[in-house]
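I have placed the structure first, in the form of structure tokens, so that the comments after it can refer back to it.
The values are calculated or read from the model by the stated rules, or taken from the named source; none is laboratory data. Note that this is a predicted model, so its numbers are computed, not measured. When we count neighbours, we look across all protein chains shown, and the Cβ atoms used for this are built from the backbone with ideal geometry, even at glycine. Calculation scope for accessible area: heavy atoms of the full protein, side chains included, ligands and nucleic acids excluded. Shrake-Rupley method; radii C 1.70, N 1.55, O 1.52, S 1.80 Å.
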Amino acid sequence: MAFTRATGKHRGPSRLTRRSAGLAGVATLATTGVIGTLASPAFAADTDAPSLEDTGLTQVVAADSLAKTIDAQAAAQEREAVEALERAKAAAEAKRKAEARAKEIRAAKERAAREAERKRLNSFQLPVAGSYVTTGYKAGGSLWSSGSHSGVDFRAAYGSTVVSVGSGTVVEAGWGGAYGNNIVIRMNDGTYTQYGHLSAISVSVGQSVTPGQQIGISGSTGNSTGPHLHFEARTSAEYGSDINPVAYLRARGVNV
């Protein structure tokens with residue numbers, strides 16, 4: 001008896017039709033991310049279901065893994081950028097603090113230098129370094145026209161350096177009669193000092209001088225019995241306004 005192939009709407013799907021349906025289902029699942037359902041019994045029972053290689057799922061998983069790797073790299077790069085920015089900010093802040101500190105140190109040094117210079121300019125010292133008094137103030141004798149010594153004599157070998165005892169302005173520089181070559185300085189505190197019997201003068205009238213600045217060379221000019229320095233302290237530039245030179249220097253911190 002002969003049989004004919006069933007046709008019409010009741011005809012069962014062919015293997016090719018089932019294979020096509022399987023491919024469409026896998027594609028849909030791959031798109032929605034529901035990959036785990038591939039292990040369901042319905043698919044396992046169909047021996048004709050397409051393999052992982054047949055559906056292209058390997059490429060989908062690889063693409064997803066690559067995307068995650070790229071995201072991780074991007075996140076790492078972003079973190080590195082943030083950290084680099086933070087390091088740059090920290091370095092800039094450290095530099096700013098270092099510069100501010102350096103500026104403070106410079107300012108402190110400048111203040112210290114100004115203060116040291118101010119103290120130096122206001123200081124006093126001996127007119128001949130390391131010297132001492134050989135003839136005291138108001139000593140009597142016929143050597144002085146007034147009958148007494150109007151200043152003090154400092155030991156000074158011929159050619160010794162004579163310096164200003166403090167800061168001031170030269171008001172007299174030249175021959176002074178009995179004083180020989182002499183210099184008179186108006187000190188910054190308003191007093192006057194005189195230096196006599198010099199062999200040479202190295203300043204001029206109107207010149208400003210500072211403590212320890214050379215003003216001349218010791219000698220024995222004028223009314224003198226030998227090389228030495230005659231030193232006077234006065235309240236004015238005029239003869240007769242003398243005050244005790246030793247007390248004057250000691251009051252200004254000089255060890256005489």
Only one of (1) surrounded by 15 or more Cβ atoms within 10 Å (Cβ to Cβ); (2) at pLDDT 95 or above does not apply to Trp144, and that is (2)
Pair list, Cβ < 7 Å and 6+ apart or interchain, from the range 233-248 residues that are at pLDDT 95 or above to residues that are in a helix (DSSP H, G or I) and of a type outside the set (Asp, Glu):
Ala233/Pro245; Ala233/Tyr248
Could you list, in sequence order, the residues of the range 203-214 that are of a type in the set (Gly, Ala, Ser), loosely packed, with under 14 Cβ neighbours inside 10 Å and assigned to a loop (DSSP other than H, G, I, E, B)?
Ser204, Gly206
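Condition check ((1) modelled with pLDDT under 95; (2) within 19 Å of Arg250 (Cα to Cα); (3) assigned to a loop (DSSP other than H, G, I, E, B)) across all residues:
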site: Thr134; (1), (2), (3): no, yes, no
site: Lys138; (1), (2), (3): yes, yes, yes
site: Ser150; (1), (2), (3): yes, yes, yes
site: Val171; (1), (2), (3): no, no, no
site: Gly174; (1), (2), (3): no, no, no
site: Ala178; (1), (2), (3): yes, no, no
site: Gly190; (1), (2), (3): no, yes, yes
site: Gln194; (1), (2), (3): no, yes, no
Name, by its number, the condition in (1) touching a residue at least 40 places away in the same chain (Cβ under 8 Å); (2) in contact with a Lys or Arg (Cβ under 7 Å, 6 or more places away or on another chain); (3) of a type in the set (S, T, N, Q) that does not hold for Ser148.
(1)
Where Val152 falls short, out of the listed (1) within 18 Å of Ser236 (Cα to Cα); (2) among the aliphatic types (A, V, I, L, M); (3) open to solvent by 40 Å² or more (accessible area, probe 1.4 Å); (4) in contact with a helix residue (DSSP H, G or I) (Cβ under 9 Å, 6 or more places away or on another chain)
(3)
Of the conditions (1) over 44 Å from the mean Cα position of the chain (by Cα); (2) in contact (Cβ under 8 Å) with a residue 60 or more places away in the chain, Gln125 fails just one. Which one is it?
(1)
Tyr158 within 29 Å of Ala233 (Cβ to Cβ) and either open to solvent by 100 Å² or more (accessible area, probe 1.4 Å) or assigned to a strand (DSSP E or B) (or both)
yes
Looking only at residues in the range 179-202 that are surrounded by fewer than 17 Cβ atoms within 10 Å (Cβ to Cβ), among the small types (Gly, Ala, Ser) and more than 12 Å from Arg234 (Cβ to Cβ), which one is farthest from the chain's Cα centre (by Cα)?
Ala200
